[in-house]
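Take a look at the structure set out below.
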Amino acid sequence: MRSIIFGTDWGEDCDDVVALRVLCRSVKEEKINLIGVVINDAIDYSASSLEGFLNKEGVYNVPIGIDKSGANFGSHPTYQIKLSEFSKNYKSNDDAENGIRLYRRLLANAKGKVEILEVGFLQVLAGLLESEGDDISSLTGVELVKEKVEKVWCMAGKWHEDGGREYNFSRTSVACKASYVICEKCPVPITFLGWEIGNSVISGSKLDKNDYLYQALYDHGSENGRSSWDPMTALLAVIGDEEKAGYDYVVGTACVEAENGKNHFTPSSDGMHKYVIKKFDDIYYQNQLDDIIKSDI
């Protein structure tokens, strides 16, 4: 079974919660093994609300790491307080492991290859790549990723326009620099799902009003559904194949300007990067997601 580490900016937006349901349903169907979650947008109740959601989904004892300095991204709780009531092991962010250390520990202890699914800001993953050997592993971050990571699936970029500035790449100076590092230093393939793919696909509009996922969307102000950037990337990672997931793709080399987060892409047959293009109309992807996340009450 494929193992996935999930990176998320578990902050103001709610498409992260929809994405986590996609993953939890896939865990329960034994399609993937979710071996850890790393939060890269630290706000009040981040760790406790994420564990609370996992517990409600029936997916237990998943280790959670966090970048406590991620608070500089400026998010505030919307749905987190209610979900925190269902937490057991993470009563505050202080109970969560440092995100970079969790990455290093999970990779060092992995028996086989691991895949990373990142739908948030990239500073923790960049920190992993720039890390030195330590008490967990003598390998540097780049060496550890090269040895233990099969692939990275990433929600980021505006690939329909050269020089596009997408939120995850460009929200802050930290985000810009981290995005540059990822494109320059990651030694394994990365597939990007850009803003233009998920923006017009609305998922979550058919949830039962007694569903705690509906409540999270409602608290965010998205009771009629939300753009599907993160859940589409999660489903792409679960399927594990761009074409089977319903996408064409462009192969080449991505780069991000460290000063401003603008993205560029140079097509080439031997490139390490891809970005996906939808094969079908939006309703195809919406129906896929709504069928997976439908309420089970």
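Figures for the structure shown
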quantity	calculated
Condition broken by I292, with the remaining ones in (1) in contact with a Lys or Arg (Cβ under 7 Å, 6 or more places away or on another chain); (2) within 21 Å of K158 (Cβ to Cβ); (3) in a helix (DSSP H, G or I) satisfied	(2)
Check on D230, within 19 Å of F169 (Cα to Cα), acidic (D, E) and either in contact with an Asp or Glu (Cβ under 9 Å, 6 or more places away or on another chain) or modelled with pLDDT under 95 (or both)	yes
Leading residue by the ranking (surrounded by the most Cβ atoms within 10 Å (Cβ to Cβ)) among those in the range 194-211 that are farther than 16 Å from I292 by Cβ and either hydrophobic (A, V, I, L, M, F, W, C) or modelled with pLDDT under 95 (or both)	I197
Pairs where the first residue, in the range 108-133, is polar (S, T, N, Q) and the second is surrounded by fewer than 21 Cβ atoms within 10 Å (Cβ to Cβ) and modelled with pLDDT under 95, C-beta under 6 Å, 6+ apart	none
Pairs with Cβ under 9 Å, 6+ apart, first in the range 187-202 and among the small types (G, A, S), second modelled with pLDDT of 95 or more and assigned to a loop (DSSP other than H, G, I, E, B)	G194/A156; G194/G157; G194/K158; G194/W159; G194/H160; G194/E166; G198/S228; S200/S228
Conditions (1) surrounded by fewer than 24 Cβ atoms within 10 Å (Cβ to Cβ); (2) at pLDDT below 95; number of the one not met by D41	(1)
Scope the range 254-289; condition assigned to a helix (DSSP H, G or I), buried (at least 18 other Cβ atoms within 10 Å of the Cβ) and not aromatic (F, W, Y); matching residues	Q286, Q288, L289
Test: residue in the range 93-115 that is among the charged types (D, E, K, R), closer than 24 Å to Y214 by Cα and either surrounded by fewer than 17 Cβ atoms within 10 Å (Cβ to Cβ) or modelled with pLDDT under 95 (or both)	no
Number of the exception - S173 against (1) under 28 Å from D281 (Cα atoms); (2) surrounded by fewer than 19 Cβ atoms within 10 Å (Cβ to Cβ)	(1)
Qualifying residue in the range 260-282 (condition: more than 22 Å from L122 (Cβ to Cβ) and among the aromatic types (F, W, Y))	yes
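Per-residue answers, yes or no, for (1) part of a helix (DSSP H, G or I); (2) out of contact with any strand residue (DSSP E or B) (no Cβ under 9 Å at 6 or more places or on another chain); (3) over 19 Å from G240 (Cβ atoms):
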site	(1), (2), (3)
I4	no, no, no
E12	no, yes, yes
V18	yes, no, yes
V38	no, no, yes
A42	no, no, yes
E51	yes, no, yes
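The values are calculated or read from the model by the stated rules, or taken from the named source; none is laboratory data. It should be emphasised that the depicted structure is a prediction, and the values quoted were computed from it without experimental measurement. Ideal geometry is used to build each Cβ from the backbone, glycine not excepted, and the neighbour counts take in all protein chains shown.
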